[in-house]
Amino acid sequence: MSTLTIALSKGRILDDTLPLLAPLGLDPAGDIDRLLRVPARTPGVSLLIIRPTDVPTYVEYGAADIGIVGKDVLMEHGGAALYEPLDLNIARCRLSVAAPKDAPPRNPLQRLRVATKYPNITRRFFAARGEQVDIIKLYGSMELAPLVGLSDVIVDLVATGGTLKANGLVETEIITPISSRIVVNKASMKTKTAQIQPLLEQLAQAVAARAAQG
């Protein structure tokens, strides 16, 4: 039987994913703090520990058969080349527009400047309302942009809202709820069905059991 490769997102998603994988024997059997590729406890399964933004690419091009990644990354990347069979309902948050709480009323004739690391989602969101905006691509410290006049608003992930509040920002609109999803390479789904389908069923049962527990 060929090796099954699963790409896992580093960070919060990984922390939430491991408790789901452990009962299935799919948790790492190596040091994930130092290694980027480690075997799972179940023989024949290899885990890649990579940046969330890279997960769809690894899966799309077949370097991984399965991936676990946030819906925000899929929406930004474009997930048409992947199967998305399961919402794991973990690492939940929301993608929102936020602005300074004391911002003056906006001039409707002035183009809005939006700082974000999600330019594609942001452009589609505002375009759906018939509004063109100037998008400023940033990779971090998003909350700083409106405070120093770089942008009028930001589009970013919000979990508790604590960071926004600490920096004098408030959510003005929620674009979409976000959670982590399973994605599968389309060719792998055909050639490794006997390995992938039982795994998907087990994960679906684990998600349902977790939801039942509240």
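The values are calculated or read from the model by the stated rules, or taken from the named source; none is laboratory data. It should be emphasised that the depicted structure is a prediction, and the values quoted were computed from it without experimental measurement. Ideal geometry is used to build each Cβ from the backbone, glycine not excepted, and the neighbour counts take in all protein chains shown.
Just checking, does the stretch 15-27 include any residue being in the same structural domain as Lys190 (by TED's automatic domain parsing), closer than 22 Å to Asp156 by Cα and over 13 Å from the mean Cα position of the chain (by Cα)?
Yes, the stretch 15-27 contains at least one residue that is in the same structural domain as Lys190 (by TED's automatic domain parsing), closer than 22 Å to Asp156 by Cα and over 13 Å from the mean Cα position of the chain (by Cα).
Conditions tested, residue by residue: (1) of a type in the set (Gly, Ala, Ser); (2) touching a helix residue (DSSP H, G or I) at 6+ places or on another chain (Cβ under 7 Å); (3) under 21 Å from Val69 (Cβ atoms).
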| position | (1), (2), (3) |
| --- | --- |
| Arg124 | no, no, yes |
| Val133 | no, yes, no |
| Leu150 | no, no, no |
| Ile175 | no, yes, yes |
| Ala187 | yes, no, yes |
| Thr191 | no, no, no |
| Ala206 | yes, yes, yes |
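With the condition kept exactly as written, say whether any residue in the stretch 30-45 is aliphatic (A, V, I, L, M), touching a helix residue (DSSP H, G or I) at 6+ places or on another chain (Cβ under 6 Å) and either in a helix (DSSP H, G or I) or in contact (Cβ under 8 Å) with a residue 24 or more places away in the chain (or both).
Let us first name the residues in the stretch 30-45 that are aliphatic (A, V, I, L, M), namely 32, 35-36, 38, 40, 45.
When the remaining residues are screened for being touching a helix residue (DSSP H, G or I) at 6+ places or on another chain (Cβ under 6 Å), the result is none.
Taking every residue of the stretch 30-45 in turn, none turns out to be aliphatic (A, V, I, L, M), touching a helix residue (DSSP H, G or I) at 6+ places or on another chain (Cβ under 6 Å) and either in a helix (DSSP H, G or I) or in contact (Cβ under 8 Å) with a residue 24 or more places away in the chain (or both).
In the stretch 107-131, which residue that is among the polar types (S, T, N, Q) and exposed (fewer than 10 other Cβ atoms within 10 Å of the Cβ) is modelled with the highest pLDDT? First the steps, then the outcome.
From the stretch 107-131, those among the polar types (S, T, N, Q) are 107, 110, 116, 120, 122; that's our starting set.
The next check asks that each one be exposed (fewer than 10 other Cβ atoms within 10 Å of the Cβ); those that pass are 107, 110.
Numbers: Asn107: 75, Gln110: 84.
Only one residue tops the list, namely Gln110.
Is it the case that Ala64 is surrounded by fewer than 16 Cβ atoms within 10 Å (Cβ to Cβ) and within 19 Å of Lys186 (Cα to Cα)?
On the way: surrounded by fewer than 16 Cβ atoms within 10 Å (Cβ to Cβ): no; within 19 Å of Lys186 (Cα to Cα): yes.
Here the answer is no, as Ala64 does not meet what is asked.
For the stretch 11-56: of the residues being surrounded by fewer than 18 Cβ atoms within 10 Å (Cβ to Cβ) and acidic (Asp, Glu), which is farthest from Ile90 (Cα to Cα)?
It comes out as Asp31.
Residue by residue through the stretch 155-170, note down the ones that are surrounded by 15 or more Cβ atoms within 10 Å (Cβ to Cβ) and charged (D, E, K, R).
Asp156
Answer with yes or no whether Pro177 is surrounded by fewer than 14 Cβ atoms within 10 Å (Cβ to Cβ) and assigned to a strand (DSSP E or B).
Considered against the rule, which asks whether it is surrounded by fewer than 14 Cβ atoms within 10 Å (Cβ to Cβ) and assigned to a strand (DSSP E or B), Pro177 comes out as yes.
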